[in-house]
Amino acid sequence: MLSEIERGRANPTLAVALRIAQAFEITLDELVDSDSPRSRIEVIRGNDPHYQFRRDEECEVRTLSPLQREKDVEIYEVKLARGGALRSSAHFEGTREFLTVIKGNVQVESDASTETLRAGDSANYFADQPHAIVNRGKGEATIYLVVVYQ
């Protein structure tokens, strides 16, 4: 039915239009492109479950960048439980990660290199190879992670 609506061959009911908007995670107003003024500031609320990327006993990852945009930069808040780790496979060639430790002590592993970081420390490394961030402290660790795709 969506293709028929796009070609002007069908007119959706309000209920169908609302279901389409919900499927795209937008408001009905955004779907019909209302002329009402929109804020140029896009806000991601801290309690919005759509931005919870991962949550388990080891690790919590929250996306801080818009999900629906084509982008070459992603921003995350990562919380690692004591002994927890965020282990990643290689990303696309040329991808780099930049991280800053907000709380705790972490070990960053990329290729054969390993560095230990404390609160206030920052590091960057190629992420186009297997890599990991491991909490080596006595409590929870919090970091901000920026992934830049080339």
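The values are calculated or read from the model by the stated rules, or taken from the named source; none is laboratory data. These numbers come from a predicted model, not from an experiment. Neighbour counts are summed over all protein chains in view; Cβ atoms, including those assigned to glycine, are modelled from backbone coordinates with ideal geometry.
The rows are residues; the columns are (1) within 26 Å of ALA21 (Cα to Cα); (2) among the polar types (S, T, N, Q).
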residue	(1), (2)
GLN52	yes, yes
GLU60	no, no
GLN68	yes, yes
GLY104	no, no
GLU109	no, no
THR114	no, yes
ASP121	no, no
ASN135	no, yes
* Hey, GLU77 assigned by TED's automatic domain parsing to the domain that holds ARG54, closer than 22 Å to GLY46 by Cα, surrounded by 17 or more Cβ atoms within 10 Å (Cβ to Cβ) and of a type in the set (Asp, Glu) or not -> yes
* Structure fact -> Given (1) farther than 25 Å from ILE133 by Cα; (2) loosely packed, with under 13 Cβ neighbours inside 10 Å, LEU28 misses just (2)
* Only residues that are in contact (Cβ under 8 Å) with a residue 40 or more places away in the chain, within 19 Å of GLY83 (Cα to Cα) and surrounded by 20 or more Cβ atoms within 10 Å (Cβ to Cβ): list them for the stretch 97-133, please. => LEU99, VAL101, HIS131, ILE133
* Give the stretch 124-150 a look and list any residue that's in a loop (DSSP other than H, G, I, E, B) and under 23 Å from GLU57 (Cα atoms), or say none. => PRO130, ARG136, GLY137, LYS138, GLY139, GLU140
* Need at least 1 residues that are within 24 Å of THR142 (Cα to Cα) and hydroxyl-bearing (Ser, Thr, Tyr) per element, so show me which strands (runs of 3 or more DSSP E) inside the stretch 23-120 make the cut, counting only ones lying wholly within it. => 59-63, 73-80, 85-88, 96-103, 105-110, 113-118
* Selection within the stretch 6-22 - of a type in the set (A, V, I, L, M) and loosely packed, with under 12 Cβ neighbours inside 10 Å -> LEU14, ALA15
* Structure fact -> Here the residues within the stretch 62-101 that are closer than 23 Å to GLY120 by Cβ and basic (Lys, Arg) are ARG62, LYS79, ARG82, ARG96
* To do: Confirm whether GLU140 is surrounded by fewer than 14 Cβ atoms within 10 Å (Cβ to Cβ) and among the acidic types (Asp, Glu).
  => no
